[in-house]
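Structure record follows, encoded as structure tokens.
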Amino acid sequence: MSEIKKGRQTDGSEHGMTQDAAGPSSGLTRRNFLSMSMLAGCAAIGVPSHAQAMPEFEGWPKSYGMLTDFTACVGCRSCERACNEANKMPAPDKPFDDGSVFEEHRWPSAKALTVVNRYKNPGNPSSPVYRKIQCNHCLEPACATACPIHAYTKTPEGAVIYNKDLCFGCRYCVIACPFNMPGYDYESPFDAKIVKCIFCYGRIKEGQIPACAEACPGGALTFGRRADLLKLARKRIVDYPEKYIDHIYGEYEVGGTSWIYISGVPFEHLGFPTNLPKKPLIELSKGYLSMVPVIFTTFPALFGALYAMMHDKAAGKEDSHDKHQEVHNG
Amino acid sequence: MGNDVQYTTQSPDSLNGFKAWFMNKLFMGMSMSEYSRSLATPFNFVAALILVVSAPIFTIRYVKGLATVLHATNEYPWGLLLSWGIFAGEPLFAAGFVVAAAYYIFGMKSYRSLVRIAVLGGMLGYMFAASYLLIDLGRPWRIYYPMLINFGTSSILFIVAWHVSLYITVQLLEFSPAILEWLGSKRLHRWATSITVALIIGGVILSTVHQSALGALYLLTPGKLHPLWYSSHLPLLFFSSAIYAAMSFAILLAFVAVRYFKDKCDKEFLENTPSLTLGLGKGAAVSMYVYFAINILAMAQDNKWGLLFTPYGYWYLVELLGFVAIPMGLFTIGVKNKRLKLTRFSALYAVIGIVLNRVNVNLIVFNWNQPDHFHHIIPPWTELMMIAAMITLNVLIFRWIVNRFPVTRELHGYRGMH
């Protein structure tokens, strides 16, 4: 998380400047918010406060992303083949030109970092929709939040990468991922690990584009700066309103993802979760995390005092009786 | 199991003497042949059968990987083994901290006779929880990584890992006076009892955090956990239910002691157990009312009433009414009318309810919107067998300790020292 933290700070100072520019009252509000959330936290253990006292991390500036346009995808599976070769994955059970794989609903796993599925088009049954599925590379990834050993890193380039040398195989990242993307290699007894798309991080570092985007013949995959891709996606929706539904999936879902999607059919028909919050999932557990030090500081005092009180009472019952009398007489 | 057991608290003075002393401790005063004969019981036969059948399964898991014996998929990475071993087990094993806090901190003197059996039940439970983890982790030999190698400080599981491991240590220390009394070491015993109160407060903190953290683990999954079970109150719900689970479990532990280990219980333990059972039942009833109220609160806060009239809503009502409200009512009747049997039955009922809740959150209503959800969550028989083996081992070790260590009785010479 060190790199993400660094990003937060950079981002924070920028926000701080805007806050100062807005005037002193906004700073005061923020402080009030903070103390209010602390008080609320003390009152109810484990209830996350929804106060957003800290500036929000809005992703690495200038990070890369990928725009997937499902209206352009023809289901050729060139991306699957390119991904398999670039990542030196084992050969698939069925060859990449075998269309029978579309009969079943597949999902990325330890054997394939990306798969293309076929979905029914509710508007036009004769032309099905193909969807490429892989890790979405969230701007604030839940897998990285969840990992107790910090084996995940969101790189400034946009890729969410994973270090198998740190992983002990608890699979909380698999639980936490809102998109069910990390695949665990359950078969291997001594080299079990998470396998997922890493956005061809090595290729990006060398100035190349991800293998799938390079291989895509239909223009369904566009690699670029995420900010530019958002503009491009919006332009397409504006230019062809009859072709696209008015939604860029991944712009806001769980705080935004590096991979963003536009489609001619509603995303729920393509197996996308549509019940996700717009804020990063880490925001949901932050309140609880901030309670832990509160418990550690208050409980010893609280229970220590209780202990002292109970034992004092046991030793000096007659004293307290006298005091009670005095108060009564007074 | 012999009835007339002689316990010596004398320290050995020579090597031969030590051997005789130690064997006397191990075989509870019986000779080796007497002891072996005493082991031939139907219970032991069934236990041995379970262990023998499951031994190859454990071997396969470590040699061939998780997929061969456990329900292990990417949609349901935490199967029944973890649901049972960690999520359902730990609230019960909070028994140690709840009873110890009642006695040492809240000054409820009468609970003294129950403290040790509750701490023992809790300590063993936590050690087994760690063992379940050693089965389920993909690379169990790295279990210490969150403690020493790298720190995922934003992770709730990081908090759980730290607190559970610290709490196991604290519980071992809490239970150490019983071990030292068994070994007859007075000096260490004095030292061990002198740090008790600090340990108990430490235990309260560690338990509070990690019981709630188990619920907080699921705060990250609003899209996956069914909204009737998902709530920002998850940590509080897990913590408050752990309190009544712990009290119910303590009732059951005391019952097991007076029913199956009567010859190992002293007069004080036998005389106190009925009134303590009712006392714990009262506490359990009150905390169940609190838990029930928080559930209603969570429902109202997120306005989830409409979801009640869906199939998952009916299942939620089965859990909340059938396995919380009913045992809660039975507890109330049992305690009010001083009905011991009913109180014990309510405790068992409440414990089953807790197990149901944790399995629900972990497995049954997790990823409920995946296609073919119910088809996916059925565990293979090998996983059930492993669970059975772990429970058997837990019971056997518990029995071994209660038979030997001063858990349900006070040894002569140590009276009133803890």
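The values are calculated or read from the model by the stated rules, or taken from the named source; none is laboratory data. None of these values were measured; they are calculated from a predicted model. Here the Cβ is made from the backbone with ideal geometry for all residues, glycine too, and neighbour counts use every protein chain on show.
Evaluate the stretch A:169-191: report whether one residue or more is buried (at least 24 other Cβ atoms within 10 Å of the Cβ), among the small types (Gly, Ala, Ser), touching a residue at least 40 places away in the same chain (Cβ under 8 Å) and within 24 Å of residue A:276 (Cβ to Cβ).
Taking every residue of the stretch A:169-191 in turn, at least one turns out to be buried (at least 24 other Cβ atoms within 10 Å of the Cβ), among the small types (Gly, Ala, Ser), touching a residue at least 40 places away in the same chain (Cβ under 8 Å) and within 24 Å of residue A:276 (Cβ to Cβ).
Within the stretch A:167-201, restricting attention to residues that are under 21 Å from residue A:132 (Cα atoms) and part of a helix (DSSP H, G or I), which residue is nearest to the other protein chains (Cβ to nearest Cβ)?
Restricting to residues being under 21 Å from residue A:132 (Cα atoms) and part of a helix (DSSP H, G or I), the top hit is A:174.
Is there a residue in the stretch B:367-386 that is hydrophobic (A, V, I, L, M, F, W, C) and over 23 Å from residue B:85 (Cβ atoms)?
no
Within the bounds of the stretch B:170-188, is there any residue that is facing another protein chain (nearest Cβ under 10 Å) and touching a Leu at 6+ places or on another chain (Cβ under 9 Å)?
no
Residues of the stretch A:145-157 being crowded, with 22+ Cβ neighbours inside 10 Å and in contact with a helix residue (DSSP H, G or I) (Cβ under 7 Å, 6 or more places away or on another chain), which ones?
Answer for the stretch A:145-157, where residues must be crowded, with 22+ Cβ neighbours inside 10 Å and in contact with a helix residue (DSSP H, G or I) (Cβ under 7 Å, 6 or more places away or on another chain): A:145, A:146, A:147, A:148, A:149, A:152, A:154.
Does residue A:235 meet the test of being more than 24 Å from residue A:153 (Cβ to Cβ), in a helix (DSSP H, G or I) and either in contact with a Leu (Cβ under 6 Å, 6 or more places away or on another chain) or assigned by TED's automatic domain parsing to the domain that holds residue A:157 (or both)?
Yes, satisfied.
Quick one: which of B:219, B:253, B:188 is under 27 Å from residue B:298 (Cβ atoms), touching a helix residue (DSSP H, G or I) at 6+ places or on another chain (Cβ under 9 Å) and either of a type outside the set (S, T, N, Q) or assigned to a loop (DSSP other than H, G, I, E, B) (or both)?
One residue alone meets the criteria, B:219.
Are any residues in the stretch A:237-282 closer than 20 Å to residue A:125 by Cα and within 14 Å of chain B (Cβ to nearest Cβ), and if so, which ones?
Passing the criteria: A:267, A:268, A:269, A:270, A:271, A:272.
Only residues that are touching a residue at least 12 places away in the same chain (Cβ under 8 Å) and surrounded by fewer than 23 Cβ atoms within 10 Å (Cβ to Cβ): list them for the stretch A:192-215, please.
Once the filter is applied, which keeps residues that are touching a residue at least 12 places away in the same chain (Cβ under 8 Å) and surrounded by fewer than 23 Cβ atoms within 10 Å (Cβ to Cβ), the stretch A:192-215 yields A:193, A:195, A:198, A:201, A:203, A:204, A:205, A:209, A:211, A:213, A:214, A:215.
Take the residues in the stretch B:123-160 that are within 14 Å of residue A:192 (Cβ to Cβ) and of a type in the set (Val, Ile, Thr); name whichever of them is modelled with the highest pLDDT.
Only one residue tops the list, namely B:135.
Show me the helices (runs of 4 or more DSSP H) found entirely inside the stretch B:4-70 where at least 2 residues are modelled with pLDDT under 80 and away from chain A (no Cβ under 14 Å).
Once the helices (runs of 4 or more DSSP H) in the stretch B:4-70 are filtered for at least 2 residues that are modelled with pLDDT under 80 and away from chain A (no Cβ under 14 Å), what remains is B:15-26.
Give me the pairs, please: first residue somewhere in the stretch A:285-311 and within 7 Å of another protein chain (Cβ to nearest Cβ) and of a type in the set (A, V, I, L, M), second residue anywhere and surrounded by 13 or more Cβ atoms within 10 Å (Cβ to Cβ) and not in a helix (DSSP H, G or I), beta-carbon distance under 6 Å, and either six or more positions apart or on two chains.
A:310/B:107
What's the number of the only condition in (1) without any contact (Cβ under 8 Å) to a residue 60 or more places away in the chain; (2) not in a helix (DSSP H, G or I) that residue B:345 fails to meet?
That leaves (2) as the condition not met.
Mind checking which residues of the stretch A:210-223 are outside any helix (DSSP H, G or I) and either under 16 Å from residue A:135 (Cα atoms) or in contact with a helix residue (DSSP H, G or I) (Cβ under 7 Å, 6 or more places away or on another chain) (or both)?
Those that are outside any helix (DSSP H, G or I) and either under 16 Å from residue A:135 (Cα atoms) or in contact with a helix residue (DSSP H, G or I) (Cβ under 7 Å, 6 or more places away or on another chain) (or both): A:210, A:216, A:217, A:221, A:222, A:223.
Scan the stretch B:336-349 and give yes if some residue there is among the β-branched types (Val, Ile, Thr) and either at pLDDT 90 or above or closer than 30 Å to residue B:29 by Cα (or both), otherwise no.
yes
Kindly establish whether residue B:207 is modelled with pLDDT under 95, in contact with an Asp or Glu (Cβ under 7 Å, 6 or more places away or on another chain), surrounded by 23 or more Cβ atoms within 10 Å (Cβ to Cβ) and within 14 Å of another protein chain (Cβ to nearest Cβ).
no
Only one residue in B:270, B:330, B:320 is within 22 Å of residue B:407 (Cβ to Cβ), aliphatic (A, V, I, L, M), in contact (Cβ under 8 Å) with a residue 12 or more places away in the chain and surrounded by 14 or more Cβ atoms within 10 Å (Cβ to Cβ). Which one?
B:270
For the stretch A:81-140, which positions are part of a loop (DSSP other than H, G, I, E, B), of a type in the set (Ser, Thr, Tyr) and surrounded by fewer than 20 Cβ atoms within 10 Å (Cβ to Cβ)?
A:109, A:126, A:127
Step by step: first the residues of the stretch B:83-135, then only those that are surrounded by fewer than 24 Cβ atoms within 10 Å (Cβ to Cβ) and charged (D, E, K, R), then the one that is farthest from the chain's Cα centre (by Cα). Which residue is that?
B:109
Please find, within the stretch B:107-122, the residue that is nearest to residue A:193 (Cα to Cα) out of those that are within 12 Å of chain A (Cβ to nearest Cβ) and not small (Gly, Ala, Ser).
The selected residue is B:108.
From the list A:224, A:256, A:218, exactly one residue is modelled with pLDDT under 90, under 30 Å from residue A:180 (Cβ atoms) and surrounded by 14 or more Cβ atoms within 10 Å (Cβ to Cβ). Which is it?
Going through A:224, A:256, A:218 in turn, just one is modelled with pLDDT under 90, under 30 Å from residue A:180 (Cβ atoms) and surrounded by 14 or more Cβ atoms within 10 Å (Cβ to Cβ): A:218.
Go through the stretch A:273-298 residue by residue and tally those that are aromatic (Phe, Trp, Tyr) and surrounded by fewer than 19 Cβ atoms within 10 Å (Cβ to Cβ).
Residues meeting the conditions: 1.
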